[in-house]
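Take a look at the structure below.
Taken together, the values in this text are just the output of simple stated rules run on the coordinates, not laboratory data. As the structure is a prediction and not an experimental result, all values here were calculated from the model. Cβ atoms come from the backbone with ideal geometry, glycine included; neighbour counts cover every protein chain shown.
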Amino acid sequence: MKQSITLGKVTKFMGLGVLSALKDLFTGKLEKKDFKTFLRKGVVPLASILLFIGLWHMGSTSLYNIEAEFKIEKALNDQGPEAADALRTCMASGDSSCQPNTLPSPSQVWESYKSLLRDHNIISADKAAFIEKTADLNEKRIADGKDAITYTGRPSFVDQIFRSLQTVFAGFLLALFIAVPLGIFIGLSPTIKSAFNWFIQIFKPVSPVVWYLLVFMIVKTLLIDSNEDSSFTISFISVGLCSMWATLVNTAMGVSSVDKDFINVAKVLKLGNFQKIFKVVLPSSLPLIFTGLKITLSVAWMVLIAIELLAQSPGLGLFVWEEFQNGANDSNAKIIVAMFVIGIIGFLLDRLMLTIQNWVSFDKTDAI
């Protein structure tokens, strides 16, 4: 029973409550009145996924044929029938050197996903071997006050995912520590609100590229004598400044809309300012604050890709750009893999925020 409850909570957290209904269907526990709900929430989404994959396959095949015909026609006009026949034969053989470089099919994307995992395993093994090989030497270097020798090989796709997660969480925490306190002060004081309103309205719509350039100007000057790689610092500060505005506005709105009766009760009880904030204002404002935090985390994850590209930080953004620049026959498929990974991680981050909100707030929100 405990295992079933745990499974139900996990599937609900993942937005996959249909899996519990599917289990009930096969065990005969699904009631007739719930069958229509199961069809709507289980069968219809599955059918839409299959339809999406089918349309994707048809679209990629059509684009492949268009580019293949164009290349063969061009070879015919420029080099003659023999060259066109040779190109047609090469394409039919599956040789990657002559395949049209267009939208990859679902099967090609799946193969690229497996290829990226194989590369990760190879790179992880090389990294482990390097660490083992240099362990004794690094102990001596550290004992002598020198820096340890570190692995400088290229990061794997999985390593880049974790680098992006580190950057987005660092940026999210920066946004939280700036936006929530400032939002509380703005919400409590109409005077402070008037003082900061112009600031919010002007800087809230600024592009991530501009924020990156501003942060780059400041950080490169502050770290002018440092030999450390500043790409991570520039990236997470830029992400935090880009994404904090939803939390700032929602916190201010939540604080300013706290029921005045609660404030009056706090005055009657002679609560201090900090007690009033932590015992009355924040608990009442949590639903709106967490709505802002969810938006902030989503925005942080979206702008991260562009900022990592600009900062040359070894994350998913740089991975996508390098594959685009590479132009290899499997580069497009790897970009699609990254697109799905970015989307799935964004979905999981949203569920994580929703779960934390339900833990700390009286306002329980169901997953959509």
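Starting with the fewest neighbours, write out T291, T355 ranked by other beta-carbon atoms found within 10 Å of each beta-carbon.
T355, T291
In the chain, which longest range has no GluC sites (Glu not before Pro) that are both DSSP loop (not H, G, I, E or B) and surrounded by at most 10 other Cβ atoms within 10 Å?
32-227
Are any of the pairs K204/K334; K193/K276; K133/K334 more than 29 Å apart by Cα-Cα distance, and if so, which?
In this structure, K204/K334; K133/K334 exceed 29 Å between Cα atoms.
So which aspartates and glutamates pass the test for K146, namely a Cα distance under 15 Å, with those fewer than 8 places away in the same chain ruled out?
The qualifying aspartates and glutamates are D136.
In deg cm²/dmol, rounded to 500, what helix-only [θ] at 222 nm does the chain give when every DSSP H run of at least 4 residues adds -39500 (n - 2.57) and the total is split over its residues?
Theoretical 222 nm ellipticity from helices: -26500 deg cm²/dmol.
How large is ³J(HN,Hα), in whole Hz, for each residue of segment 117-127 in order, when computed from phi with the Karplus curve 6.51 cos²θ - 1.76 cosθ + 1.60 and θ = phi - 60°, using x for Gly and Pro?
In residue order, the calculated couplings are 5, 4, 4, 4, 5, 5, 5, 5, 5, 4, 5 Hz.
May I ask you to evaluate 6.51 cos²θ - 1.76 cosθ + 1.60, the Karplus curve with θ = phi - 60°, for each residue of segment 95-112 and list the ³J(HN,Hα) values in order in whole Hz, giving x for glycine and proline?
Whole-Hz 3J(HN,Hα) from phi for segment 95-112: 4, 5, 6, 10, 6, x, 9, 10, 4, x, 7, x, 5, 5, 5, 5, 5, 5.
For segment 317-332, just list the computed ³J(HN,Hα) in residue order, Karplus coefficients 6.51, -1.76 and 1.60, θ = phi - 60°, integers in Hz, with x standing in for Gly and Pro.
x, 5, 4, 4, 5, 5, 5, 5, 5, 4, x, 6, 5, 9, 5, 4
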